[in-house]
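The values are calculated or read from the model by the stated rules, or taken from the named source; none is laboratory data. On a predicted model such as this, the values are computed, not experimentally measured, just so you know. Cβ atoms come from the backbone with ideal geometry, glycine included; neighbour counts cover every protein chain shown.
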Amino acid sequence: MIKLIYIIFIFLLAGCQSILPEKTNKSEDNSGGYYLDDGPHKNIPKDLNKIPNAVPKNEILSRTANRPYLVFKKKYTPMTKLEPYSETGYASWYGKRYHGNKTSIGEVYDMYQMTGAHKTLPLPCFVKVTNLINEKSVIIRVNDRGPFVKNRIIDLSYAAAHRLEIIKKGSELVRVEVISPHFNSVHYKSLHTFYVQAGAFSNQHNAAKLLDRISKKKIEKKLNKIIKNGPLYSVRLGPYSSRDKANEISKFLSEELSLNTFVFMDK
């Protein structure tokens with residue numbers, strides 16, 4: 001009886017992702033991969049890109065959500081203190097099925113806020129999640145447990161997944177890094193460091209040609225460079241200390257050279 005009560009308690013503790021099967025569905029309107037009857041609402045709020053990143057701060061860790069727990073006969077032992085942490089793997093997202101439900105630390109899940117779920121990070125904590133394909137990043141507050149699905153390291157709110165452009169695909173390769181004002185000033189400083197991506201090419205020569213075009217526009221040369229990311233060569237400008245400055249450069253390049261630029265945060 002005690003064991004049964006313990007298992008029930010652990011499933012409640014594990015949050016909204018603890019009882020999800022591995023099967024996913026694909027909606028007819030191509031709105032992304034998601035679990036069973038989960039997915040986006042029919043009426044999505046406008047200006048999702050304007051939802052601000054979570055702002056890291058020192059918080060008291062949960063007494064209950066950071067205890068060892070069992071899900072699908074597998075034991076998980078969460079971290080019990082904040083410390084530098086980084087991992088690479090696939091992120092997924094969760095939506096309306098859990099919108100309004102309580103997370104593992106007892107808060108209400110809002111799919112339109114910058115939050116997420118992780119199996120072992122201490123709750124609550126803040127992480128930077130970077131899409132390793134398009135290099136876009138978000139800062140989220142991790143307040144839930146999950147995802148308990150193979151080959152997934154983190155579940156993102158709808159808003160965070162939207163910003164990283166993984167809604168339609170359903171999942172994407174990302175890097176997850178813990179950020180805290182309590183340690184690692186380099187990570188914390190990254191909240192205020194911005195880059196402009198001007199283009200990405202499979203051919204390094206084409207990237208160099210674009211870099212030359214940009215240089216002729218008298219933009220400070222030391223800020224312009226080519227970054228190899230997997231099979232692609234990305235033309236990147238920065239870092240800039242403010243988003244306003246990066247947006248200014250991005251807009252200038254878009255208008256002057258007809259480029260499809262975007263601004264992102266990085267270290």
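Look at residue 121 and say whether it is at pLDDT 95 or above, of a type in the set (A, V, I, L, M, F, W, C), under 30 Å from residue 202 (Cβ atoms) and under 15 Å from the mean Cα position of the chain (by Cα). So residue 121 fails the test. Could you tell me whether the stretch 102-115 includes any residue that is of a type in the set (D, E, K, R), buried (at least 24 other Cβ atoms within 10 Å of the Cβ), over 25 Å from residue 194 (Cα atoms) and touching an Asp or Glu at 6+ places or on another chain (Cβ under 9 Å)? No, the stretch 102-115 contains no residue that is of a type in the set (D, E, K, R), buried (at least 24 other Cβ atoms within 10 Å of the Cβ), over 25 Å from residue 194 (Cα atoms) and touching an Asp or Glu at 6+ places or on another chain (Cβ under 9 Å).
Taking residue 243, is it among the basic types (Lys, Arg), more than 20 Å from the chain's Cα centre (by Cα) and either modelled with pLDDT under 85 or closer than 20 Å to residue 174 by Cα (or both)? Walk me through it before giving the result.
Working: among the basic types (Lys, Arg): yes; more than 20 Å from the chain's Cα centre (by Cα): no; either modelled with pLDDT under 85 or closer than 20 Å to residue 174 by Cα (or both): yes.
No.
State which residue is surrounded by the fewest Cβ atoms within 10 Å (Cβ to Cβ) when the search covers only the stretch 149-167 and only residues that are modelled with pLDDT of 90 or more and part of a loop (DSSP other than H, G, I, E, B).
So the first thing to find is which residues in the stretch 149-167 are modelled with pLDDT of 90 or more, and the list is 152-166.
Next cut, part of a loop (DSSP other than H, G, I, E, B) only: 152-153, 157, 164-166.
On the way: 152: 19, 153: 20, 157: 28, 164: 24, 165: 14, 166: 26.
Applying the filter and picking the extreme gives 165.
Check whether at least one residue in the stretch 101-121 is assigned to a strand (DSSP E or B), under 25 Å from residue 168 (Cβ atoms), in contact (Cβ under 8 Å) with a residue 12 or more places away in the chain and touching a Cys at 6+ places or on another chain (Cβ under 9 Å), and report yes or no. The answer is yes, given that some residue of the stretch 101-121 is assigned to a strand (DSSP E or B), under 25 Å from residue 168 (Cβ atoms), in contact (Cβ under 8 Å) with a residue 12 or more places away in the chain and touching a Cys at 6+ places or on another chain (Cβ under 9 Å).
Please find, within the stretch 64-100, the residue that is farthest from the chain's Cα centre (by Cα) out of those that are part of a loop (DSSP other than H, G, I, E, B) and free of Cβ contacts under 8 Å to residues at least 12 places away in the same chain. Before the answer, list the steps.
So the first thing to find is which residues in the stretch 64-100 are part of a loop (DSSP other than H, G, I, E, B), and the list is 64-68, 72-73, 77-85, 94-100.
Checking which are free of Cβ contacts under 8 Å to residues at least 12 places away in the same chain leaves us with 68, 73, 100.
Details: 68: 25, 73: 28, 100: 21 Å.
The residue in question is 73.
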